[in-house]
Amino acid sequence: MHISVNVDGVTYADEVEPRLLLVHYLRERLGKTGTVVGCDTGNCGACTVHLDGHSVKSCQMFAVQANGHEVTTIEGLARDGRLHPVQEAFRTNHALQCGFCTPGMIMQAIDLLADESDPDDETVRKGLEGNLCRCTGYQNIVRAVQDAAQRMKPGAGPKMEQHSDDHVVSKQPVGGE
Amino acid sequence: MTATAEPEVGKARLRKEDARLITGQTKWTDNLQLTGMLHMAVLRSPVAHARIRNIDCSRATTMPGVAVVLTGEDFAAEQGSLPCAWPITEDMKSPPAPAMAVDQVNFAGEAVALVIADNAYRAADALAAIDVDYDELPVVLDLQEALQDTDLVHPDLGTNKCATWVYDSAEAGAGTNVEDEIASADVVLERTFRQQRLIPSFMEPRSVVVDPNADMFTVWSATQIPHILRWMLSAVTGIAEHKIRVIAPDVGGGFGGKLQVTPEELLCLLAARRMGRPVKWTESRTESMLSAHHGRDQIQKITLSARRDGTVTGLKVELLADMGAYLRLVSPGIPVLGAFMYNAIYKFAGYRFVCTNVFTNKVPTDAYRGAGRPEATFAIERMMDELAAELDMDPMKIREMNWIKHEEFPFTTVAGLTYDSGNYEAATARAMELFGYEELREEQSRRRTSRDPVQLGIGVSTYTEMCGLAPSRVLGALRYAAGGWETASIRMLPTGKVEVITGTSPHGQGHETVWSQIVADRLGVPFEDVEVLHGDTASSHKGMDSYGSRSLAVGGTALVHAADKVLAKARRLAAHMMECDEADVEFASGSFSVRGTSTVRTLGDVVLAAHVAHDLPEGMEPGMDADATFDPDNFSFPHGTHLCATEVDTQTGMVKIRSYVAVDDVGTVVNPLIVDGQVHGGLAQGIAQALFEEAVHDEMGTLTTATFADYLVPCAADLPAFITDRTSTPATSNPLGVKGVGEAGTIASTPAVVNSVLDAVRHMGVRDINMPLSPERVWTALQGGSADDVGDVAAGGLGSIDSQGGQS
C-alpha cells in the first residue's frame, strides 16, 4: 500500500505491506531507531510516539494507519540544538539509567503534561501507567515530570511548547525505498 | 587523594551517558543494519519434555525470502555444549546443553529449528510452516517430586539431582555444631519459605548481530559480559579467540539476565559462518520470557535456635534449588552465593547450609539481581520476625541484641567471612527517625483495637550482603572457573586529554560518568577531559565485566591503581624536567611543583614531554600510559536498615505500601545521584518479588506468564515514593572505600515488605503467605486458608501464551 506520513517534520512517501507495524516502519525503513520495541503486547510503552500530537504505542499500529498523519518521535523533539524541557528534566533529575524506556517515557510524559499542567505525584504515576521502567523505580521519573511541568509553565522561560505539531513544517518528500 | 578545588568524588554529576539516551541517538544492537544482512528467527518447542520424532522443513524452505531452514541435526556436529563455568562439586551432574535441541526437548521454549531470511517478518512467517512431530515424555516440574527420580529430565544422568553443596561451621572451624545448638536451645523455630521463580525482565530484548567479515567474526550482543562471551564462544566453537571480536554497544538493562552465553548468540554465530553474511536475531518479549534464564526458584527449610531471652544460637538451612532443564553459565553457583549470607549481621554460634540443586523441565535459572543473597536475606529476616513473634518481643530489639556491634569490626562470621566495616546501630537509628517508628506502632495498636478493616503493618529488614565479586582465590576455592579481578588502562593523550579503558561493561549503571569522576579526581584533570571506553574487546581486550555489584569496588580500584601508576611515572619525569630530586616533587590539582619553589609543570606538560620523548630520564620508556589489574582480597559488605509500613485491606486482601524508608551504608559514595537511583530501582525489584511477580508454569510445563500482560512488572502507580538516606563506614578492602550498591535495594526490600504485611495480619491468625502477596493470596490467608492452599493460588494475570513464540 502507498502511504504518506510526516515524521519529525519530513514527509515520506512509501510502499509498505499492510501488516508492517508503525514502529518497524520508523526503525527499519526510516532509520528512526530512537524509538524502540520492548514487548509484543502494548504493555511496556517503550515504542510510544505522538500521532497528531497525542501519544500512541507504535507497536500497536500499522504503518498504513499513519497514512496522512503527523508522527513525532523522540528524535524530533529538540529544536535548534535545544532540548525539549521534558528531555532536559529527565537528564537533570537522573530519571533514566539504561535509557531503553526513556524515549517512550518522555513522549508519554509530554502527552501527560499537555493535559495536566501541574500534576501531583499520583497524577504522574497514573499517567505513566502504560510505560514500564525496570531501572529507576520511577521515583526520579515522577520528579522529572513534575520538574518539567514547572519549566514549561508560562513565564518559566522561552515558550518551549512552540514545537507542537501545528508548527511542523512539511518538507519535500524524500521517499523510502 | 589528590587535592583539587572541588573533589569529584562525592559530587552529584549529571551523567555523560544521558545526552544520547534522551534524544534517541542510541546504539542498541537491534539498531544495526549491515549490508547484505540476513535475519534469524527461532522456532521453540511448545512442549516441555519430548523426543523429537521428525522435523519437516520442506514447506518453510520454499517460502519467499527464506535462505535456509536449519534444525538441531544441522548443528549437531559443530554446536558443542553451552558452557557452565561453575561446577560446584566434583561429582556435579551436568547434562550436555546444546544450543539447539537435536533429538529431545527439555523445556517449553527450547530452540528446535531456525529460519534465515531476508527480513524478520519473512523469517517469522516461515517458522509457522515448519512441522515438528513430538513424542511427549512425562514432565518433571515439582522440586520435591523431582527428587524421587520417578521420571527423569535427563535419563542418561540417572537422577534429577544435580549436586549437593554443604557448609558446616563446625567442620570449617568457624563455629559450633548446629545440631548441638538446636538440641540445647530454649526455642527452636522451623519454617519453610518459597522463593518463587522470577523473570529478570530487562527492558531491552536480547539481540545479536554477527558479521563474518573475512576470517574475523564481529559479534554485537546485548550482553553484560562481552569478555566472557568472547572467551566462551571461542571455547565452544573452536574459532580462535583472536578471530572473535565482541561488542556490547548500548545495553538496555541486564540485572543478571544478560550475564549469560545464550543459545542464540551461538546459533547466530554458526549461522553467519554458514551463510558468509551478517545475521541478526532480535527476540520478542515472549521469546525472552520463554527462553532467557529465570531467577530464584528455591524452597528454603530454615531451623533457628535461640535462648528464651532472644539470643540466637544456631541456624540450619536446607535448600532445594531449581536449575530448570540445563545448567547455564553460573546456574549451580547461584544458591551457593547465598550460603555465606544466611547468618547475615547476627552472631550465631553454629551454622549449617545444605543445598541440593535439582533438574526440572523448566526454563533454566541463573543470576538475577542479588543472585542467592536476596533469598538468604529474605529467609533470615523472616526468621528474625518469627522469633520476635514467638517471644513477643519487638522485632528491632531482637535484631539489635543479636547483631555485630560497630566496635566489633572487623568481624569473622560463622560462615567464615570477615566483615571489614559497618555500623548497624547508626543506619538503624537514622531509619527509625525517618520512619517515625514509635508513632506508627501506636497507630497500629489503635487500628487493631478498633478492628479497622484496614490494618497497619511494620516490616523490618536489617540486611547485609557480600559483593564486589570477587577475590579470585575465593572463587577458585568455590570451584568457579574464572577469576574475579578487574582491569583498567589509562591512555594519556599528547593534548592532555585522557582515555580510560575499563574491563567493566555498563548497561545502565553510569560508568562513563563515575569512572570519569574518579580519574579526574586522581589526576587533577577536568571531568570533561576524560573519555571512558568499554564493551568492545578490540579496545578493551581484558575484563571480567559487570555483575555482582563489582564494577566500582573492583573495576574502580583498578582505575585508581592505573592512575597512580601514571602519576608515579609522571612524578619521575617531572623531577627530571624541573631538575630536582623526585622526593622534592609535590603534586596537587593536576600540577607538579618543587617543594618550596615556584617551579611548576602541569601534568599536561609532563605528558607531552613523555610523548615527544626528546629528553627522558635514563631508561624511561616514551609515553605516559598505564595499566592496572586489581584482585581484591576480600568481598565488600554493604548493609542497611529498611523499614516498610503497609496498609492491608482485610476485606479485599489488597496491600498498599504507605511508607518505605531505606538507609544504606554503601561505603564511600562517588556519585550520590547514581547511588540513589540504584537504590530506587533495587527497591522496586525487591518489592516486585514481594507483591507482584511470579513466573508460573502450568501442569504441562507451559509458562503461563510469558507476556507483560501476565508477568506483573510494576508500573509507576504500583510503587510508592521512597525515602532514602545513607550512613557511611568506608570499606577497608579498597582505596576508595566503596562497597557497591547495585543489588542492595533488591536484597533488602523483599523481606521488609513481607514482614510488614504479616505484621499487619498476624494477630488475625495468619502465620505465613507465599510470595507474591497478591490480594487473592492475602485474602485467602485471612479466610484461614492453609499455607499450602495459599501457595497454589496463582498470582499472575490472564495466563495467556503464544505457542508460536510470540513472533510478530
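Nothing in this text is a laboratory measurement; each read-out follows from the coordinates by a stated rule. As the structure is a prediction and not an experimental result, all values here were calculated from the model. FYI the Cβ positions are ideal-geometry reconstructions off the backbone, even for glycines, and counts take in every protein chain you see.
Annotations
- Highest-first arrangement of B:511-519, A:7-15, B:19-27, where packing means the average Cβ count within 10 Å: B:511-519, B:19-27, A:7-15
- In a reduced charge model with +1 at each Lys and Arg Cβ and -1 at each Asp and Glu Cβ, the protein assembly as shown shows a dipole moment near 840 debye about its Cα centre.
- Sequence-ordered 3J(HN,Hα) estimates for region A:109-123 from the Karplus curve with 6.51, -1.76 and 1.60 and θ = phi - 60° stand at 5, 5, 4, 4, 6, 5, 8, 10, 7, 9, x, 7, 3, 5, 5 Hz, glycine and proline given as x.
- Long-range HN-HN contacts of B:Leu329 with modeled amide H, under 5 Å: B:Val261
- Subset of B:Lys280/B:Lys542; B:Lys93/B:Lys347; A:Lys32/B:Lys11; A:Lys126/A:Lys153; A:Lys153/B:Lys27 violating a 32 Å alpha-carbon distance limit: B:Lys93/B:Lys347; A:Lys32/B:Lys11; A:Lys153/B:Lys27
- Here region B:108-237 is treated with +1 on each Lys and Arg Cβ and -1 on each Asp and Glu Cβ, and its dipole about the Cα centre works out to around 680 debye.
- Average projected area [Cα convex hull, chain B], square nanometres: 35.8
- 3J(HN,Hα) couplings calculated from phi for region B:624-640 with the Karplus curve 6.51 cos²θ - 1.76 cosθ + 1.60 (θ = phi - 60°) are, in sequence order, 10, 7, 8, 10, 8, 10, 10, 10, x, 9, 8, 6, 10, 10, x, 8, x Hz; Gly and Pro show x.
- Here the Karplus relation 6.51 cos²θ - 1.76 cosθ + 1.60, evaluated at θ = phi - 60°, turns the backbone of region A:40-51 into coupling constants of 10, 10, x, 8, 8, x, 4, 8, 4, 10, 9, 10 Hz, with x for every Gly and Pro.
- For peptides B:447-457, B:78-88, sequence by mean Cβ density within 10 Å, most packed first: B:78-88, B:447-457
- Per residue, the Cα convex hull of region A:85-160 amounts to 75 Å³.
- In range of the label at B:Thr35: residues from region B:204-221 whose backbone nitrogen is under 20 Å from the point 7 Å along Cα→Cβ: B:209-220
- Of B:Val766, B:Ala752, B:Val594, farthest towards positive along the dipole that unit charges on Lys, Arg, Asp, Glu beta carbons give the protein assembly as shown: B:Val594
- Each Lys and Arg contributes +1 and each Asp and Glu -1, all at the Cβ; summed about the Cα centre of region A:1-156, the dipole is approximately 380 debye.
- Per-residue mean of C-beta atoms belonging to partner chains within 10 Å, peptide B:103-115: 0
- Global size of region A:43-137 as Cα Rg and Dmax, reported in angstrom: 13.2, 38
- Less than 5 angstrom separates the built amide H of B:Gln104 from those of B:Ile52, all sequence-distant by 5 or more or on a different chain.
- 10 Å Cβ neighbours from other chains, averaged over peptide B:246-258: 2
- Mean separation of Cα pairs under 8 Å and 6 or more residues apart, divided by the residue count, gives chain B a relative contact order of 16 percent.
- In terms of surrounding Cβ atoms within a 10 Å radius of their Cβ, B:His406, B:His680 rank from fewest to most as B:His406, B:His680.
- Our helix-only sum for chain B, with -39,500 (n - 2.57) per DSSP H run of n ≥ 4 divided by its residues, gives a mean residue ellipticity at 222 nm of -8000 deg cm²/dmol.
- Radius of gyration over Kirkwood radius for region A:2-76, both on Cα atoms: the Rg/Rh ratio is 0.91.
- Projecting the Cα atoms of B:Cys644, B:Cys162, B:Ala325 onto the charge dipole of the protein assembly as shown (Cβ charges, centred on the Cα centre) puts B:Cys644 farthest toward the positive pole.
- Net charge of Cβ neighbours under 11 Å - reference B:Pro735; Lys, Arg +1; Asp, Glu -1: 0
- Relative contact order (%) - region A:85-160, alpha-carbon pairs under 8 angstrom, separation at least six: 46
- Among the residues of A:21-30, the average count of other protein chain beta-carbon atoms within 10 Å of the residue beta-carbon is 2.
- Each of B:Leu478, B:Leu259 was scored by other Cβ atoms within 10 Å of its Cβ. Arranged with the fewest first, they read B:Leu478, B:Leu259.
- In chain A, helical runs assigned H by DSSP with n ≥ 4 each contribute -39500 (n - 2.57); averaged across all residues and rounded to the nearest 500, the mean residue ellipticity at 222 nm is -7500 deg cm²/dmol.
- Normalised by the number of residues in region B:531-639, the average gap of Cα pairs under 8 Å and 6 or more apart makes the relative contact order 25 percent.
- Footprinting exposure proxy ranking of B:Asp215, B:Asp420, B:Asp676, fewest other C-beta atoms within 10 angstrom first, gives B:Asp215, B:Asp420, B:Asp676.
- The protein assembly as shown shape via C-alpha gyration tensor axes, a/c threshold 1.5: rounded
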